[in-house]
Amino acid sequence: MAVLETIVVAFWAMLPAYVPNNAAVLAGGGRPIDGGRTWDDKRVLGDGKTWRGTAAGILAGVLLAGALTLVADDVSAAIGIDVPAFTPLAAVGLAAGAMLGDIMASFLKRRSGRERGAMFPGLDQLDFVVVSLPLTALLATEWFFEVFTWGVIAVVVVLTPILHVTTNMIAYQLGLKDEPW
Ligand code: CTP
Ligand code: MG
Ligand code: K
């Protein structure tokens, strides 16, 4: 695969995992998942992980995967690069894995004494990749290994932190997010 092709496929295939975090920021609020419970005098997850945000995030990711699947053939023909359709299990793995990774990262942040919103460089940018890719490999094995070649995975690891930092800066500037990370 040529470099440009690899980048386009990586971005396309990861969109259902990229969107949930942003949808959660827009929809978040209401009851926190941990119900306010603490462990070792620290919140289990914190007020930044809510049921509503999580559900909206997963829904947004799955719906986007559905929409991309509808246009995959037309887009492939138009740009001359084969972008993949998503199977339902691939969509769920990517979207739910992204939200789960973000939640697990908050769990680790609280254990290390970081308050809600504190930054954790590295973890903040890659938490959702670390869970969404293995979960998708587990749920949609054939689809995963067809789409996520080593080249695509390498691009994802490099591209994701760049996109994450950029979108969060924009969300912060627009007043949608409390911190720019
Ligand atoms: N959000 C949510 N539910 C989620 C993830 C995010 O409701 N599962 C919303 C919350 O309003 C959260 C905002 O999106 O404050 C920003 O997300 P994030 O940066 O992940 O949370 P933080 O507030 O920074 O909290 P943490 O330190 O736990 O990451
Ligand atoms: Mg944050
Ligand atoms: K986060």
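The values are calculated or read from the model by the stated rules, or taken from the named source; none is laboratory data. Because the structure is predicted, anything quoted here is derived from the model rather than measured. Positions of Cβ are backbone-derived with ideal geometry, glycine not excepted, and every protein chain shown enters the neighbour counts. Keep in mind that these areas ignore ligands, DNA and RNA; they rest on the heavy atoms of the full protein, side chains included. Shrake-Rupley method; radii C 1.70, N 1.55, O 1.52, S 1.80 Å.
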inquiry  = Please report the carbon-and-sulfur percent of the accessible area for the chain; probe 1.4 Å, protein heavy atoms only, DNA, RNA and ligands left out.
reply    = 68 percent
request  = Mind listing the long-range amide H neighbours of Asp34? Cut-off is under 5 Å, sequence gap 5 or more, other chains count too, H placed in the peptide plane at 1.01 Å from N.
outcome  = Leu45, Gly46
Packing-based order for 48-55, 2-9, using average beta carbon neighbours within 10 Å, highest first = 48-55, 2-9
query = From largest to smallest, what semi-axes in whole angstrom does the range 130-171 give when each is the square root of 5 times an eigenvalue of its alpha carbon gyration tensor?
reply = 24, 12, 7
Packing rank of 127-139, 61-73, where each peptide gets the mean count of other beta carbons within 10 Å, highest leading = 127-139, 61-73
remark   = the range 3-173 accessible area per residue, 1.4 Å probe, protein heavy atoms, integer Å², reads 51 Å²
ask   = Once whole DSSP H runs in the chain are found, which of them have Cα atoms spread over 30 Å or more along the helix axis and a mean Kyte-Doolittle score of at least 0.0?
value = 3-27, 51-79, 88-111, 150-173
note = Taking only the Cα positions of the range 3-173, the convex hull volume per residue in Å³ is 114 Å³
ask   = In percent, how large is the relative contact order of the chain, given Cα pairs closer than 8 Å and 6 or more residues apart?
value = 24 percent
request  = Please sort 97-105, 114-122 by packing, taking for each peptide the average over its residues of neighbouring beta carbons within 10 angstrom, highest first.
outcome  = 97-105, 114-122
